[in-house]
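The structure appears below as structure tokens.
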Amino acid sequence: MTTRTTEIWVGLFVAGGLAALFMLAMQVSNLSTYTDDEGFDVEARFEDASGLKVRSAVTMAGVRIGQVKQIHFDDDKLQAVVTIRLNSVHDKLPEGTSASIYTAGLLGEKYVGLEPGSSSNHCEDMALEAELEGRDFNAADCVSVPVYLKDGSSIQITQGSMVLEKLIGQFVSRFLTEGDSNKKADSSEGDS
């Protein structure tokens, strides 16, 4: 009887362990997070999107508000085009919002961080246009309506990924170039 009870407990323990491993795998792969189909897509272009993956987090003020939906390369502009899926709740992001690629920790995964910018003032644009064309502009006729990111919008202000290998390569290259310049200066002083 005790053998059967022991076997049941061992079986439950193994099943619990397998369930825990499954949950860990889902968390690591980002498959279980953010599956809101009611969101909207915006596009951002980066000079360098190294390390960024589909389903990487999109955050604002440290809170996850979306995920990377797609990454592809634009052959014409030689840029990485990242399609971001934002939760439909976050529909009041100004059109001047900027996007940067960051690393979670020193060697962690990459994610996109958004920072709200200013919404363009349509009235200011109309006033500037009227001034350039030399006509009068009546500010009372204009109703200022803020413009927000919506489905199909493009984020204009972006900063690509900082790649540790590139930074080290630039440092070493600069160090070697300065070392060669100092040697040449020393040898020219010795010749005089």
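For a footprinting-style exposure proxy, rank Thr3, Thr97 by other Cβ within 10 Å, fewest first.
Result, fewest neighbours first: Thr3, Thr97.
Please turn the phi angles of segment 81-97 into ³J(HN,Hα) values with the Karplus equation 6.51 cos²θ - 1.76 cosθ + 1.60 (θ = phi - 60°), one per residue in order, whole Hz, x for glycine and proline.
Calculated HN-Hα couplings, in order: 9, 10, 9, 10, 9, 9, 4, 4, 5, 9, 9, 10, 7, x, 5, x, 4 Hz.
Extending each Cα 7 Å along its Cβ direction at Thr177 and Asp136, get the distance between those two points in nm, one decimal.
Roughly 5.9 nm, to one decimal.
Tell me, Met26, Met60 in order of fewest to most beta-carbon neighbours within 10 Å?
By the 10 Å Cβ count, ascending, the order reads Met26, Met60.
Calculate, in nm to one decimal, what Asp125 and Ser98 gain on full extension: separation in residues at 0.36 nm each, minus their alpha carbon distance.
Extra length available between Asp125 and Ser98 comes to 7.7 nm.
How high is the relative contact order of segment 36-177? Use alpha-carbon pairs under 8 Å, at least six apart in sequence, and give a whole percent.
Relative contact order comes out at 30 percent.
Considering only the other residues whose Cβ falls under 13 Å of the Cβ of Ala104, what net charge follows from Lys and Arg at +1 and Asp and Glu at -1?
That works out to +2.
Looking at segment 36-177, send over the antiparallel percent of its DSSP beta bridges, to the nearest 5.
75
Here, each number is a calculation from the coordinates, and none is a lab measurement. Only a predicted model underlies this, so the values are computations on that prediction, with no experimental measurement involved. Positions of Cβ are backbone-derived with ideal geometry, glycine not excepted, and every protein chain shown enters the neighbour counts.
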